[in-house]
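The values are calculated or read from the model by the stated rules, or taken from the named source; none is laboratory data. Predicted model only: the values in this text are computed from it and were never measured. Glycine gets a Cβ as well: all are built from the backbone with ideal geometry, and neighbour counts include every protein chain shown.
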Ligand SMILES: [Fe+2]
Ligand SMILES: [Fe+2]
């Protein structure tokens, strides 16, 4: 999980708004998916639970929650320059990921409305919540004289394509991890009010309940085991070009068969859990470490708590989860964090691009090895892991 940067194609100064930070592979991403497959999903197995969740969304518990109070007045000026910079970074990252959720949910609700109204309504409610979260964060940025140009981001960000099933895994995890991240910060600051550097954190308790509900929605959606592969499709799209032939139908059937093998679900569960956890760990103990210190949190303890909790929660829906209790688990993640320090030292040293890349190569390979070992670590069967909840 390297932190080497990829130069953004859309890094521009925007009409007095804040230019998006240099994009790294650890930055929040924007997603798009196969909307046709989504609208054709058959959810009948779990429609009742989905309807119940939609009813919860309709109640809109946080309708009046995101209202700024007088505590915000002058709060930005109280931060010293260093903390200010760390906090603005945090605001920017959080705002972008909330907004990325908004765009995906909004687009989904719009595109599947005609054929899948229940699902479309759920996505519309979630888009409403994420827009509120992003807007509230952006308002805090304006306290610091900055603002993210969300319209610019929408038009210029690169979108990463994920098939529906991967979208479920990835968004489920990001909602649940979001819940544990927000609630952990909130509870810590409740006990240590002196570390509350900005009134925004007072809003985290109800806020994280939104994320928790969003996660529960994806939980129910995955339990509906939707058929996400179009049957009788004679089309195939490779690199943006679409080809049509009756034989492609067999390809889709085969893909559907492979996708529905229990082993496939287990392998994907492990992949997504590891990808999300390793990315967060590398980022929080690397570039974001000082931000957590400014809140009086130890980034390592905080991340391990959040990962353990998210892993535990995921056992409700994933067939297997990671063995985070094996001592090699965090040992290997720590090794990756150490390796990343070496990588950034090489990046900041003198020398041309080629020599730097050659110097980095062994460390990249070492990181790849650690990730592979983490992936191969025997997982925990969810049924054994959390029998009380299941
Ligand atoms: Fe959110
Ligand atoms: Fe959310």
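Remarks
- Single match in 98, 107 (criterion: farther than 21 Å from residue 142 by Cα, at pLDDT 90 or above and surrounded by 14 or more Cβ atoms within 10 Å (Cβ to Cβ)): 107
- Here residue 181 fulfils each of the conditions (1) modelled with pLDDT of 95 or more; (2) surrounded by fewer than 19 Cβ atoms within 10 Å (Cβ to Cβ) apart from (2).
- Just one residue in the set 287, 307 is surrounded by 14 or more Cβ atoms within 10 Å (Cβ to Cβ), in contact (Cβ under 8 Å) with a residue 24 or more places away in the chain and assigned to a loop (DSSP other than H, G, I, E, B); that residue is 287.
- Across the stretch 102-119, the qualifying residues are those that are touching a residue at least 60 places away in the same chain (Cβ under 8 Å) and part of a helix (DSSP H, G or I), and the one among them that is nearest to ligand 2 (Cβ to nearest atom) is 104.
- Taken together, the criteria exclude residue 170 from residues that are outside any loop (DSSP other than H, G, I, E, B), in contact (Cβ under 8 Å) with a residue 24 or more places away in the chain, out of contact with any strand residue (DSSP E or B) (no Cβ under 8 Å at 6 or more places or on another chain) and within 14 Å of ligand 2 (Cβ to nearest atom).
Each row is one residue, and each column tells you yes or no for (1) surrounded by fewer than 19 Cβ atoms within 10 Å (Cβ to Cβ); (2) closer than 27 Å to residue 34 by Cβ; (3) under 21 Å from the mean Cα position of the chain (by Cα).
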site: 266; (1), (2), (3): yes, yes, yes
site: 275; (1), (2), (3): yes, yes, yes
site: 299; (1), (2), (3): no, no, yes
site: 338; (1), (2), (3): yes, no, no
site: 358; (1), (2), (3): yes, no, no
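- Matching residues, the stretch 104-121, being within 12 Å of ligand 1 (Cβ to nearest atom) and touching a helix residue (DSSP H, G or I) at 6+ places or on another chain (Cβ under 7 Å): 105
- From 137, 173, 148, residue being more than 27 Å from residue 68 (Cβ to Cβ), touching a helix residue (DSSP H, G or I) at 6+ places or on another chain (Cβ under 7 Å) and buried (at least 21 other Cβ atoms within 10 Å of the Cβ): 173
- Against the conditions (1) within 12 Å of ligand 2 (Cβ to nearest atom); (2) over 21 Å from residue 163 (Cβ atoms); (3) surrounded by fewer than 22 Cβ atoms within 10 Å (Cβ to Cβ), residue 88 satisfies every one except (1).
- Among the residues making up the stretch 122-147, a single one is touching a strand residue (DSSP E or B) at 6+ places or on another chain (Cβ under 8 Å) and within 15 Å of ligand 1 (Cβ to nearest atom): 138.
- Residue among 227, 187 that alone is surrounded by fewer than 19 Cβ atoms within 10 Å (Cβ to Cβ), at pLDDT below 95 and more than 16 Å from ligand 2 (Cβ to nearest atom): 227
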